[in-house]
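S.K.: Sharing a structure here in structure tokens format.
The values are calculated or read from the model by the stated rules, or taken from the named source; none is laboratory data. Model, not experiment: these values are computed from the prediction. Neighbour counts run over all protein chains shown; Cβ positions are idealised from the backbone, glycine included. Only protein heavy atoms, including side chains, enter the accessible area calculation; ligands, DNA and RNA are left aside. Shrake-Rupley method; radii C 1.70, N 1.55, O 1.52, S 1.80 Å.
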There are 2 protein chains.
Amino acid sequence: MATSEFARLPGFRDFPPEDFALRAHIQDAWGRVARRYGFHQYDGPPLESLDLYVEKSGEEIVDQLYSFVDKGEREVALRPEMTPSLARILAARSRGMSKPIRWFSIPQLFRYERQQRGRLREHFQWNVDVVGEEGVAADAEVLAVAIDGLRELGLGAEDFAARVSDRRLLSSLLRAVGVAEERLGGAFSVIDKVERLPPETAAELFEREVGLDATGVETVLGLLDAVDLDALFERWGEDERVAPELERFREYLATLDAMGLGAYVQLDLRIVRGLAYYTGIVFELFDRQGELRAICGGGRYDRLLELVGGEPLPAVGFGMGDVVLGELLAERALVPDYEASLDYFLVPVTAAERSMALGLAHDLRDRGHSVSYALREQGVGRQMKSAAREGARTVLVLGPDELARDRVVARDMTTGEEREIALAELS
Amino acid sequence: MATSEFARLPGFRDFPPEDFALRAHIQDAWGRVARRYGFHQYDGPPLESLDLYVEKSGEEIVDQLYSFVDKGEREVALRPEMTPSLARILAARSRGMSKPIRWFSIPQLFRYERQQRGRLREHFQWNVDVVGEEGVAADAEVLAVAIDGLRELGLGAEDFAARVSDRRLLSSLLRAVGVAEERLGGAFSVIDKVERLPPETAAELFEREVGLDATGVETVLGLLDAVDLDALFERWGEDERVAPELERFREYLATLDAMGLGAYVQLDLRIVRGLAYYTGIVFELFDRQGELRAICGGGRYDRLLELVGGEPLPAVGFGMGDVVLGELLAERALVPDYEASLDYFLVPVTAAERSMALGLAHDLRDRGHSVSYALREQGVGRQMKSAAREGARTVLVLGPDELARDRVVARDMTTGEEREIALAELS
């Protein structure tokens, strides 16, 4: 196809207008929803010091960084996620700010994944964070923004659901089952993979990596199948370590119910999220048919700001990428058709009307209308074809006879109807 | 100030909400104006093969590239300008497209300038291009977009002007003065610097680098002072090499006059533009007080698409950055105040109304209103303070007595007026 000797880098996208339109459709919806929730938009640089990511985000992300040494001998990376930049920005200025802080951003993010064929190395990601509030109302608020972001694009409870968990609740349950404190990290990492493993392999890993006996394994696997908070209350409600965690999670779900979003939310203790910095409630949004990767992931990260040298502040947020979401919208036929459109196309009949057309076009544009015309002298027929191709709603034909009476012919391109109007009418 | 141990990279900007608001203010104006002219938005990747820039943009830009070798051993660069990406994208697809192509973009661009202290390494740049039309109407259209972009932000003819020239006209004049064909490039490069040189140095350079004698130098310096096309016609109108170029330039200026933009445009043959790929009319926009660097630069580049392997297509476009423009807006007091604003802030009087508040907030947001509330239980006084801080226009107080009658108290935060309204009224 491409005849150019210069190729796009692998894993990057071009956005010609028809693709840019979908990108804008998604990002505009994200922005509208975030502003409805009272969030303020921010951004940071696409390039940051490598330091900011190393040790903060777990080894998994560090291996995949699009990192390099710059001409000033600095180790730098194209940002792979936004949260470290957010934490850096807030670390320097949060002390003077009223809490909670409601901020959102739509950065382009980058990863360098060597082995994956056909996988992108960049995407745009909606980041929404509440900083400075530790209660579950903040967790619920953030998940509600994510859900409404998808609803705004036409997706409903039949299309997607949020699977929610709480690392604190899961930890308390694992302790109650008998997992040793120092084995909790290992347990999380097995649980993170459990959906993709055959049951025997999972059981084996729980025995070997977490030190559980057969009964313990059975109990843990039972927990991971739990979808009902009441059942957990029945079994663990009397355990003094577990009960407060269950209570908190119940309040979280009740908050989402009060917002009318209960149908979108499903308890699922298998959701732990890979990133090391999560500390509490975590969630992922999936398409109901389970064919795509997660649409969105997020959770509470109460220690990150302190880690990058800022004020200790609780925080909760999510990231939602545009690639999987774009696939889901396409599957559900929710991608709007791209159509060029214009308010007016101006057609001077002869060269003599050209100057008049230029002046009129500029006046109409000054009043906020979109206007185009041929950039060279052409016959009326060719100009009318251009008008149709550019999606003009109205064509204004400037002929010598009509102009002599300060009038033009306006053609409605939908109905084909033509009428003469006074120049003064155009506003 | 900053207490974080992690610093932003030198030359990059953070955009906390108050700064993001100015960025959005500028970019929204750019987008509105481009769409009024019938342009379609596109984008490319922020990272491209180094090849795309080397030899295409002149040595000047290559030295300043933010370039590196990636993990796949590719020589790559953060894009320093958009035109090469545009040319690459069009090279692969322009053959099937109707001409002229009207595209615009607002990329973030990057340069690595070693020596300059305090100079930025990134900026956002509005790129507007007409591809596939060689006539001066396209040149005029593109300059009109640039001028209207500034007018849309509140700047007028007293604030800025476009200095316009034509490399073809200048070449024909230089040839007529006696500059040898192989010295034209050298002459352009002296002319590009002439404003920043003392007259004696300029004269010396014209003698040494361009091979002019004293009379020739005087004639060229006279040309560079010309601001009046009629005077050029009088002196050179009979020269058969120069006359057609003067005619073309007159048509260009007449087109801008017909648009009502004559007051913004000034002939200035000293404008040649550094980049090697310009081939015809070139222009720069400056603040009238001459205190700032150029706000915008552009021109015709008829050979670039072919150079990157595409269809031979004439093209004209410009780039306008956000940094100098931001300085000019600040000087002219045209930066809008950043104020948080919300349609509603909801105040549940006791914990019992909290659930009701969550449901009402979600309903209002679903109807497109911006809504916030405290994310924890607080007294009414503290909640009212948050409402004021978040810029709420209306506070809805949810008290037990009013709710029992399906009513709430609405407080207008501008007038302080309070009235009871039915829940059903809120839409």
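S.K.: With +1 assigned to the C-beta of every Lys and Arg and -1 to the C-beta of every Asp and Glu, and no other charges, what is the dipole magnitude of region A:17-331 about the Cα centre in debye, to the nearest 20?
M.R.: Taking the Cα centre of region A:17-331 as origin, the dipole is about 1020 debye.
S.K.: Calculate for the protein assembly as shown the 222 nm mean residue ellipticity that helices alone would give, adding -39,500 (n - 2.57) per DSSP H run of length 4 or more and normalising by residue count, nearest 500 deg cm²/dmol.
M.R.: -11500 deg cm²/dmol
S.K.: Same structure, new question: Going through region B:66-111, which GluC sites (Glu not before Pro) have at most 12 other Cβ atoms within 10 Å and a DSSP loop state?
M.R.: B:Glu73
S.K.: Test of the criteria: in region A:207-309, which GluC sites (Glu not before Pro) are in a DSSP loop and have at most 10 other Cβ atoms within 10 angstrom of their Cβ?
M.R.: Those satisfying the criteria are A:Glu238, A:Glu240, A:Glu291.
S.K.: If you average the alpha carbon positions of region A:139-186 and of region B:297-370, how far apart do those two centres end up, in angstrom?
M.R.: The distance from the Cα centre of region A:139-186 to that of region B:297-370 comes to 32 Å.
S.K.: Let me confirm one metric for peptide A:357-367, namely the mean number of other chain beta-carbon atoms within 10 Å of its residues' beta-carbons.
M.R.: Average neighbour count from other chains, rounded to a whole number: 5.
S.K.: Projecting each Cα onto the charge dipole of region B:17-331 (Lys/Arg +1, Asp/Glu -1 at the beta carbon, about the Cα centre), which of B:Ala146, B:Leu325, B:Val308 comes out farthest on the positive side?
M.R.: Among B:Ala146, B:Leu325, B:Val308, the one farthest towards the positive end of the dipole of region B:17-331 is B:Val308.
S.K.: What are the distances, in nm and sorted shortest first, from the label point of B:Asp239 to the label points of the same position in each other copy, with each label point placed 7 Å from Cα along the Cα-to-Cβ direction?
M.R.: So the distances to the same position in the other copies read 9.3 nm.
S.K.: Please go through region A:1-54 and write out the GluC sites (Glu not before Pro) that DSSP classes as loop and that have at most 15 other C-beta atoms within 10 Å.
M.R.: When the GluC sites (Glu not before Pro) of region A:1-54 are filtered for loop state and at most 15 Cβ neighbours within 10 Å, A:Glu5 remain.
S.K.: Given a Förster distance of 56 angstrom, what is the FRET efficiency for A:Glu218 paired with B:Thr414, based on the Cβ-Cβ distance and rounded to 0.05?
M.R.: 0.30
S.K.: At 7 angstrom along the Cα-to-beta-carbon line, where would the label on A:Arg32 sit relative to the other copies? Give the distances in nm, shortest first.
M.R.: For A:Arg32, the inter-copy label distances come out at 1.9 nm.
S.K.: Say a paramagnetic label sat at a point 7 Å from the Cα of A:Asp366, along Cα to Cβ; which residues of region B:118-151 have their backbone N under 19 Å from it?
M.R.: B:140-151
S.K.: Which Cβ of chain B lies nearest the axis of the rotation superposing B onto A, and at what whole-Å distance?
M.R.: Value returned for chain B: B:Phe68, 2.
S.K.: About the Cα centre, and with charges only on the beta carbon of Lys, Arg (+1) and Asp, Glu (-1), how big is the dipole of region A:342-426? Nearest 20 debye, please.
M.R.: 340
S.K.: Please average, across the residues of A:155-164, the number of beta carbons from any other chain that are within 10 Å of each residue's own beta carbon, and give a whole number.
M.R.: 0
S.K.: Additional query: I want to check the label-to-label distance for A:Thr201 and B:Ala263. Put each point 7 Å from Cα in the C-beta direction and report it in nm to one decimal.
M.R.: Each label point is offset 7 Å from its Cα along the Cβ direction, giving 7.4 nm.
S.K.: With a point put 7 Å past each Cα toward its Cβ, work out how far A:Ala340 is from B:Asp337 in nm, to one decimal.
M.R.: Going from the A:Ala340 label point to the B:Asp337 one covers 4.4 nm.
S.K.: Roughly how many Å² is the accessible area per residue of the protein assembly as shown, as a whole number, for a 1.4 Å probe?
M.R.: 41
S.K.: I would also like to ask the following. Using a 10 Å cut-off around each Cβ of peptide B:369-377, what is the average number of partner chain Cβ atoms that fall inside?
M.R.: Taking the mean over all residues of the peptide, I get 5.
S.K.: Can I ask one more? What residue among B:Asp322, B:Asp302, B:Asp401 shows peak mean-square fluctuation when chain B is described by a Gaussian network model with Cα springs under 10 Å?
M.R.: B:Asp401
S.K.: Quick one: compute a quarter of the convex hull surface over the Cα atoms of region B:222-358 and quote it in nm².
M.R.: 16.5
S.K.: Which of the helices in chain B, when you take each full DSSP H run, stretch at least 27 Å along the axis at their Cα atoms and have an average Kyte-Doolittle score of -1.0 or higher?
M.R.: B:17-36
S.K.: Same structure again: Calculate log10 I(q)/I(0) of chain A for q = 0.06, 0.08, 0.09 Å⁻¹, where I(q) comes from the Debye formula with a single equal point scatterer on each Cα and nothing for solvent.
M.R.: With one equal scatterer per Cα and no solvent, log10 I(q)/I(0) is -0.38, -0.60, -0.71.
S.K.: Just how large is the dipole of the protein assembly as shown about the Cα centre, in debye to the nearest 20, putting +1 at every Lys and Arg Cβ and -1 at every Asp and Glu Cβ?
M.R.: Using Cβ point charges on Lys, Arg, Asp and Glu, the protein assembly as shown gives about 20 debye.
S.K.: Let me ask something else about it. In region B:17-331, with Lys and Arg counted as +1 and Asp and Glu as -1 at Cβ, which of these residues, B:Trp126, B:Phe249, B:Ala161, has the Cα nearest the positive end of the dipole, that is, farthest along it?
M.R.: Positive-end residue among those listed: B:Trp126.
S.K.: Counting only DSSP beta bridges with both residues in region B:342-426, tell me the antiparallel percent, nearest 5.
M.R.: 50
S.K.: Another one. Quick check: convex hull over the Cα atoms of region A:161-214, volume per residue in Å³, rounded to an integer?
M.R.: Cα convex hull per residue, to the nearest whole number: 86 Å³.
S.K.: Given B:Thr415, B:Ala352, B:Gly381, which one lies farthest toward the positive end of the charge dipole of region B:342-426, if we put +1 on the Cβ of every Lys and Arg and -1 on the Cβ of every Asp and Glu?
M.R.: Checked the options; the winner is B:Gly381.
S.K.: Grab the alpha carbons of the protein assembly as shown, take their convex hull, and tell me the volume per residue in Å³.
M.R.: 197
S.K.: Give the nm distances, rounded to one decimal, from B:Pro198 to the matching residue in every other copy, measuring between label points 7 Å along Cα toward the beta carbon; shortest first.
M.R.: 8.8
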